[in-house]
Amino acid sequence: MGCCDGFARCVLVTFNILFVLTGIFVLGVGIFLKVNPNLLNIQHVIELNSGDKYISTAAYILIGFGVFVLLVGLFGFIGGCKQIKFFLALYMGCVVLVFLGEFSAGIIAAVYKGKVDDTLQNILKESLLEYDSKNQTSEIINKGWDGIQGWLQCCGVHNFTDYAVMKIPLADNKLVPDSCCGSNKQECQNEAKTKPKKYKNLYYEGCYGEMENQIKSHITLLIGSGVGVAMFQLLGIFLACAAWKRSDDDYTKA
């Protein structure tokens, strides 16, 4: 029995180490979504007008529970090594909270992923209408669109003509922002005016398609991180329950 108890205790401690590592992973995913400048630009463009903050909300949930997991790991380590019922109970309760939180983050991300196809195009159009290189009050939108267009090498929602069709005000009577251009800005403006068969300096394709791909790929990361890690943590709940029962049995025998 001593050998079996020692093995079970070792399993719980080993799991707890893996549990802490998953917390670090979840924390890293959440931080990445909030500090990556390209993803921040996407969030600014989408969230400012639509009010849809699903990505930001899910990222904050992952960050919060990632930090929480690191603290919970201490309870699991003490409870697993010393078989102290108080810490085992605290550990079980905390793991249940972490499970629910990370699972909910995955669900939030999954709900938003289903809305991308239906809403993204209209959101981008409304956001682009707010673009105004002459107006400093539109700085967040301007910075968001400029960052996205330079990163994805695209221009407008459907193509570069959106700026003219939607009558977006641009400085110096430009046809497209400089973020739609390669290294030769002047030649880029000429291409926007003449519309040649082959574009060398102008990012003529729209941003909608590539932004949709980027958003869906990162939402998939959110879903996998939240739901996948939550499923793994169910094992911790069962192990903690088993350790609790063993501690009860030991107390009864004593």
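The values are calculated or read from the model by the stated rules, or taken from the named source; none is laboratory data. These numbers were taken from a predicted model, which means no experiment stands behind them. Glycine gets a Cβ as well: all are built from the backbone with ideal geometry, and neighbour counts include every protein chain shown. Accessible surface is based on the protein model in full, side chains and every heavy atom, while ligands, DNA and RNA are left aside. Shrake-Rupley method; radii C 1.70, N 1.55, O 1.52, S 1.80 Å.
Can you check what the net charge comes to around LEU128, using other residues whose Cβ is under 14 Å from the Cβ of LEU128 (Lys, Arg +1; Asp, Glu -1)? Write down the numbers at each step before the final one.
Values: positive: LYS125, LYS143, LYS167; negative: GLU126, GLU130, ASP132, ASP146, ASP162.
Its environment carries a net charge of -2.
Could you please put TRP145, TRP151 in sequence from largest to smallest accessible area, using a 1.4 Å probe?
Working: TRP145 0, TRP151 85 Å².
Accessible-area ranking of TRP145, TRP151, largest first: TRP151, TRP145.
Among the listed pairs LYS125/LYS197; LYS115/LYS195; LYS34/LYS115; LYS125/LYS195; LYS185/LYS216, which are separated by more than 30 Å between their Cα atoms?
Details: LYS125/LYS197 26 Å; LYS115/LYS195 34 Å; LYS34/LYS115 21 Å; LYS125/LYS195 22 Å; LYS185/LYS216 32 Å.
In this structure, LYS115/LYS195; LYS185/LYS216 exceed 30 Å between Cα atoms.
Can you compute 3J(HN,Hα) from phi for each residue in the stretch 169-175, using the Karplus curve 6.51 cos²θ - 1.76 cosθ + 1.60 with θ = phi - 60°, rounded to whole Hz and x for Gly and Pro?
Each residue's phi maps through the Karplus curve to give x, 10, 5, 6, 6, 6, 8 Hz.
Can you compute the charge dipole magnitude of the stretch 132-192 about its Cα centre, using +1 on each Lys and Arg Cβ and -1 on each Asp and Glu Cβ, nothing else charged? Give it in debye, rounded to the nearest 20.
It comes to approximately 80 debye.
So what does THR22 come to for accessible area, using a 1.4 Å probe and Å² rounded to 10?
Only protein atoms counted, so the area is about 30 Å².
Using 0.36 nm per residue, how much length does the chain from ILE24 to LYS198 gain when fully extended, once their Cα-Cα distance is taken away?
The ILE24-LYS198 span can extend by a further 57.9 nm.
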